1. All but one of (1) exposed (fewer than 14 other Cβ atoms within 10 Å of the Cβ); (2) modelled with pLDDT of 95 or more hold for ILE568; state the number of the condition that does not hold.
2. Could you list all residues from segment 579-599 that are within 32 Å of the chain's Cα centre (by Cα), in contact (Cβ under 8 Å) with a residue 24 or more places away in the chain and assigned to a loop (DSSP other than H, G, I, E, B)?
3. Output the residues belonging to segment 208-224 that are part of a loop (DSSP other than H, G, I, E, B) and either hydroxyl-bearing (Ser, Thr, Tyr) or buried (at least 19 other Cβ atoms within 10 Å of the Cβ) (or both).
4. As an exercise: evaluate ARG393 against (1) more than 24 Å from CYS290 (Cβ to Cβ); (2) surrounded by fewer than 19 Cβ atoms within 10 Å (Cβ to Cβ) and give the number of the one condition it does not meet.
5. Answer with yes or no whether VAL120 is over 25 Å from the mean Cα position of the chain (by Cα) and under 30 Å from GLU31 (Cα atoms).
6. Any idea which residue in segment 533-552 is surrounded by the most Cβ atoms within 10 Å (Cβ to Cβ), counting only those that are touching a Lys or Arg at 6+ places or on another chain (Cβ under 7 Å) and outside any strand (DSSP E or B)?
7. Give the number of residues within segment 149-158 that are buried (at least 22 other Cβ atoms within 10 Å of the Cβ) and either among the hydroxyl-bearing types (Ser, Thr, Tyr) or out of contact with any Cys (no Cβ under 8 Å at 6 or more places or on another chain) (or both).
8. For ILE437, indicate whether it is surrounded by fewer than 24 Cβ atoms within 10 Å (Cβ to Cβ), in contact with a Gly (Cβ under 8 Å, 6 or more places away or on another chain) and not acidic (Asp, Glu).
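The values are calculated or read from the model by the stated rules, or taken from the named source; none is laboratory data. Just so it is clear, the model here is predicted, and its values are computed rather than measured. Here Cβ is always computed from backbone atoms with ideal geometry, including for glycine, and neighbour counts include all displayed protein chains.
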Amino acid sequence: MNETLPMDEKYKVTLSGYLKEYKESLESTEEFWNKKSRIIDWFEPFTKVLDDKNKPFYKWFVNGKTNMSYNCLDRYMNTERRNKVAYIWVPEHGEEKVITYFGLYRRVNSFARALLDLGVKKGDGVTIYLPMILEAPIAMLACARIGAVFNVVFSGFGEEALAQRINDSNSKTVITADGGYRKGNVIQLKKIVDAAIELSNGVDNVIVVKNVHNKINMVQDRDYYYDEILQDGYVKPAELDSNDPLFILYTSGTTGKPKGIVHGNGGYPVWVANTMKWAFNPGEEDRWWCAADIGWITGHSYIVFAPLLLGVTSVMYEGAIDFPKPDRMWDIVERYGVNILYTSPTAIRLLMKYGEKYPLMHDLSSLKVLGTVGEPINPAAWHWFYEEIGKSRCPIIDTYWQTETGGFTIAPSRELGMPDLKPGSATFPMPGIDPVILNESGKEVPPGEKGYIVLKKPWPGLMLTVNGDPKRYVDTYFSKFKNMYLMGDYAIKDKEGYYWLLGRSDEVLKVSGHRIGTIEIEDGLVSMKEVAEAAVFGKPDTIKGDTIIAFITLKDGYDKNVDTIVSIKKRMRSELGPIMVPEEIHIVNTLPKTRSGKIMRRVIKAVYLNQVTGDISTLENEASVEEIKKAMDLIRKEED
Ligand code: WT7
């Protein structure tokens, strides 16, 4: 933690530049954001920068009218950016496609027209369940253009999870594809959509992109092929209020029900565009590759919106980064001359395991800047990325943030003033972000001590609310420490003011950078006919961060055997999706519980990991711990 890597003189835009902006952002908040709001165009100016009368429901850029699709596309139509490449889309197999800003503008207009013709109106919910194809950003921008509130569901979620999101977002329209490619296999997306609709409150329209060209079931007067409903023409962008919702994105929390995080039309674009510029500072000619999936916030903010708001050229890749071969990522960097590569610690650790041989097969000299997101980056992965990939030339922009924050909260700023880097630290807060590390009783801890990371001031990227559940917004984020935003992570601030993120402080796992609530998986397990009780926790994994481990008990009459486990896993996969399937499921007779009947996950996890179990004085049934211990001893013996 003491290591400091001085950045070459060329990266040092002098830290004093950053400090000046940072200070201004906290001391003259409204003036600062008034200036920074000019990064987008406004149809009607706002009357107030920040209305904080109804805390913690903050309103930014009050009464301002704007449109995301206009700001990403229309405003370039009379400039040189009109014919600039917006996306170089790289398929898993086959030839790339290149689309310019003008091309994107045309296609977004056509699709917006088709949506209007189907009766989709401002404020309506639209669920987007697409693979990583160009129609995903097109669909998002078309919704944004007419003010429909879109909800992208990651294509690794199953029918149950999809149905829940269709219902909660009140979507009567679903946009999907006939299928998607994943490591050479076809995922039958349309089938999953059909099954989800059966479980939902019903939808009126399903729009299907022909992607893999397989035979699928089409329902009369409900299902339409995307290319058959497109129409040429221009759709005037809706004049939306800053605080009208732009999209809902679901994320896991500490209950079984995912939270629909709502982002708006004013604060969110201002935040994502400014943060991308501050942290990465892409040049007009730079090629940016954010190797995330559009189904997560990283993809929303930094594949779609921020790059387009800044007029950047992006590489967008459909497939897995190690398919068909472990050099795929480096091949794409070389082939398309990527200058800025933004990926995750999980990806780095995976590629690192394959060895240096693969990056050495490629010329990576186009790279200027590297970035990571999703979970804390361990120094070994940091060094590998810095030395083997960046050849010690490229700063690493470790960006700490989350779905709810809209964009980066803590990250080095290449534009305002690049700090010397410390491998594993996300360094300093973005302007507008005022973090503090608190202990359980709400007191600030001294430098070097671990505590809860909390943000004291609102910033424009903060979500508007939790969809349909404003109470949950207040309870989850602003209650533990009144009117301060609880990020849900532990952190340390060191003596030099650098922030070190230490992982979640709640029952949330990070599996390959994806946020997964243990309780969501437990709910999925106990909804199976055989399962009586379930306890889920994370096992540390050198590549994925966490892997999911489940302990279950069965109802009477079901067999404790491998077939049961295989069958449960299979149904978990189709109902909740592959990312929610536990790596291991162990069947036991009883689970350790407190006297009040709460399952003690902590104890199970400790026994499982062969650690001391800590205080188990509140435990009701010690025999259950013995049972797990014995089972684990057996497994370990077998492994030896
Ligand atoms: C959680 C948010 C942010 C987009 C991707 C994930 C963890 C994220 C970092 C980082 C340490 C990080 C936190 C956070 N996290 N980035 N650079 N260093 N931890 O978004 O699914 O909303 O997850 O990811 O635990 O709270 P998300």
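1. With (1) exposed (fewer than 14 other Cβ atoms within 10 Å of the Cβ); (2) modelled with pLDDT of 95 or more applied to ILE568, the lone miss is (1).
2. Keep residues of segment 579-599 that are within 32 Å of the chain's Cα centre (by Cα), which gives 579-586, 598-599.
Right, trim to in contact (Cβ under 8 Å) with a residue 24 or more places away in the chain and you get 579-586, 599.
Matches in segment 579-599: VAL581, PRO582, GLU583.
3. ASN211, ILE216 - these are the residues of segment 208-224 that are part of a loop (DSSP other than H, G, I, E, B) and either hydroxyl-bearing (Ser, Thr, Tyr) or buried (at least 19 other Cβ atoms within 10 Å of the Cβ) (or both).
4. (1)
5. Details: over 25 Å from the mean Cα position of the chain (by Cα): yes; under 30 Å from GLU31 (Cα atoms): no.
The answer is no for VAL120.
6. Per the stated criteria, the residue is ILE543.
7. Final tally of qualifying residues: 6.
8. yes
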